[in-house]
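Everything below concerns the one structure shown next.
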Amino acid sequence: MNFNFSTSFLTLTLLTGCASASPEREACLKAYENFPLKQQAHEPSLSSIIGKQASQITNIADYEIIRILGPISMMTMDYRLERVNLYTNCDGIIIATTNG
């Protein structure tokens, strides 16, 4: 097997790119370290969605509005009984829920 400089350089470049995270990802990971909600559902009926991809949740019984919030998401502080909040980690996996 014969490797030349350009092949080695390309491989090194690809590996370096995989190791570094975007500024947005780094900010998300830093915020997630201080995230107060970890692995909890506000009601037992929603415990089955903990650990699932939030983007795949399209309907939750008894709630008209589904709000997905990551560690760096901004949100309003109004309380709405018909809304469920799905808190996710940086990969979009649901880690906690609240209503309102």
Phi angles of segment 71-79, converted by Karplus (6.51 cos²θ - 1.76 cosθ + 1.60, θ = phi - 60°) into ³J(HN,Hα) in whole Hz with x for Gly and Pro, give x, 10, 6, 8, 8, 7, 9, 6, 9
Sequence-distant or interchain residues sharing an amide H contact under 5 Å with Asn99, placed H: which?
Asn85
Residues whose placed amide H lies under 5 Å from that of Lys52, excluding near-sequence neighbours
Ile94
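Every number in this text was worked out from the coordinates using simple rules, so none of it is lab data. Since this is a predicted model, take the numbers as computed values, not measurements.
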